[in-house]
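To keep things clear, I will list the structure first and then write my remarks on it.
The values are calculated or read from the model by the stated rules, or taken from the named source; none is laboratory data. All figures in this text were calculated on a predicted structure; none of them were measured in a lab. Positions of Cβ are generated from backbone atoms using ideal geometry, with glycine treated the same way; all protein chains shown enter the neighbour counts.
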Amino acid sequence: MNLNQFMKIDKIEELMKKQKNKRDYERLLAIRLLMGGAKPDDIAEEINRSRATIYNWAELWNKNGLEGLKYKLPPGKPPKLSREDLNYLKDILETKTPKDIDFLNTDQNFWDIEKALEFINGYFGTNYTYYGAWRVLREKLKFQYTKPYPKNYKRPDNAEEILKKRLKTQ
């Protein structure tokens, strides 16, 4: 297999040592082995890739050199909320209640998915569905389910202090 000699084998080996991305390292290794005279079938077996992949990498190397081999993230739809938005959302959900948020118009003292969804779509201008908001809360922000317990209306405001006094006297 003919490869363009964009750089010498020692330079490729040096780049391999500095490589932090496993995919880029693997590609450089394949090119290094091809330059050393190894057969594509043997390289494919050694690094557990298909023969077609080795040929594709060689073609990328011949067309664009090192830049052609670098791994690029697959294209896709950008997230609706940035990392900063997610951090802000987490902070709001942990420190405030829906009652504290003016535009929610509620007396609810705990967050549920519906209220969080209403806040996310209203504040950030997104159009998440119920399931989309659930995924943000559970998978990205790692929130857990909790059950809100009603407050006992007979309980005095200083109940903890009364309990401590009673425990000290016993």
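Data for the structure
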quantity: Subset of the range 36-58 that is in contact with a Leu (Cβ under 9 Å, 6 or more places away or on another chain) and hydrophobic (A, V, I, L, M, F, W, C) - its residue that is farthest from GLN5 (Cα to Cα); calculated: ILE47
quantity: Among the candidates LYS17, LYS99, residue that is of a type in the set (D, E, K, R) and either assigned by TED's automatic domain parsing to the domain that holds LYS142 or on the phi > 0 side of the Ramachandran plot (or both); calculated: LYS99
quantity: Failed item in (1) outside any helix (DSSP H, G or I); (2) at pLDDT below 90, with TYR128 passing the rest; calculated: (2)
quantity: Residue pairs meeting the criteria (Cβ under 7 Å; at least 6 apart or on separate chains; first among the small types (Gly, Ala, Ser), in the range 62-75; second outside any loop (DSSP other than H, G, I, E, B) and modelled with pLDDT of 85 or more); calculated: GLY68/LEU60; GLY68/TRP61
quantity: So LEU104, is it in the same structural domain as TYR128 (by TED's automatic domain parsing), more than 28 Å from the chain's Cα centre (by Cα) and surrounded by 14 or more Cβ atoms within 10 Å (Cβ to Cβ); calculated: yes
quantity: Unique match (being farther than 18 Å from LYS70 by Cα and assigned to a helix (DSSP H, G or I)) among ILE43, ILE12, ILE31; calculated: ILE43
quantity: Residues (aromatic (Phe, Trp, Tyr) and either surrounded by 10 or more Cβ atoms within 10 Å (Cβ to Cβ) or modelled with pLDDT of 80 or more (or both)) located in the range 149-158; calculated: TYR153
quantity: Residues of the range 109-160 satisfying the condition of being among the aromatic types (Phe, Trp, Tyr) and under 19 Å from PRO98 (Cβ atoms); calculated: PHE110, TRP111, PHE119, TYR123, PHE124, TYR128, TYR130, TRP134, PHE143, TYR145, TYR149
quantity: The listed residue being hydroxyl-bearing (Ser, Thr, Tyr) and either surrounded by 11 or more Cβ atoms within 10 Å (Cβ to Cβ) or within 16 Å of the chain's Cα centre (by Cα) (or both), out of THR146, THR97; calculated: THR97
quantity: Condition met for LEU104 (touching a residue at least 24 places away in the same chain (Cβ under 8 Å) and of a type in the set (A, V, I, L, M)); calculated: no
